[in-house]
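First the structure, in the form of structure tokens, and then the observations on it.
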Amino acid sequence: MSVTSWHASPQRAAMPHSDPSTGEVRVPVALYDLDELQAEVPLVLSRSEAEALRDTLTSLLSGPALVVA
């Protein structure tokens, strides 16, 4: 089994949460090998990492929608 084919997706029905004392953000993700679940783990981000990710996603999503034929 090679982890190069793995991908991560947000866990269904699991919400990210933050620690107000540290600013740490935890995003529950599911790791898949193709379509087979391998693990469920938290993606742990510092506040500055979470803000940078938010800003990048906002920028990517503010562009024109990609149309797939």
Per-residue ellipticity at 222 nm attributable to helices in the chain (runs of n ≥ 4 DSSP H, -39500 (n - 2.57) apiece, nearest 500 deg cm²/dmol) works out to -7000 deg cm²/dmol
With x for Gly and Pro, the residue-by-residue ³J(HN,Hα) of segment 18-33, computed from phi through the Karplus equation 6.51 cos²θ - 1.76 cosθ + 1.60 at θ = phi - 60° and given in whole Hz, is 10, 9, x, 7, 10, x, 5, 10, 10, 10, x, 10, 10, 9, 10, 9
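Does the chain classify as rounded, prolate or oblate by the C-alpha gyration tensor (a ≥ b ≥ c root eigenvalues; a/c under 1.5 gives rounded; else a/b over b/c gives prolate, otherwise oblate)?
In terms of gyration-tensor shape, oblate.
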Excluding ligands, DNA and RNA, the carbon-plus-sulfur percentage of the accessible area of the chain with a 1.4 Å probe reads 60
Expected max-MSF residue from Pro42, Pro28, Pro20 in the GNM of the chain (alpha carbon, under 10 Å) is Pro20
To the nearest Å², the heavy-atom accessible area per residue of the chain with 1.4 Å probe amounts to 83
For Trp6, placing the label point 7 angstrom along Cα-to-beta-carbon and taking segment 16-57, residues whose amide nitrogen sits under 20 Å are 26-46
Karplus ³J(HN,Hα) for segment 2-13 (6.51 cos²θ - 1.76 cosθ + 1.60, θ = phi - 60°; Hz, whole; x = Gly/Pro) runs 10, 7, 5, 8, 6, 9, 10, 9, x, 5, 5, 6
Amide H neighbours of Leu43 at under 5 Å, excluding residues fewer than 5 places away on the same chain, with H built from the backbone geometry, are Val27, Val29
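Could you work out the relative contact order of the chain? I mean the mean sequence separation of Cα pairs under 8 Å and 6+ apart, divided by the number of residues, in percent.
24
The values are calculated or read from the model by the stated rules, or taken from the named source; none is laboratory data. Keep in mind it's a predicted model, so treat the numbers as computed, not measured. Cβ atoms come from the backbone with ideal geometry, glycine included; neighbour counts cover every protein chain shown. Just so you know, the surface numbers come from the protein's heavy atoms only, side chains and all, with ligands and any DNA or RNA stripped out. Shrake-Rupley method; radii C 1.70, N 1.55, O 1.52, S 1.80 Å.
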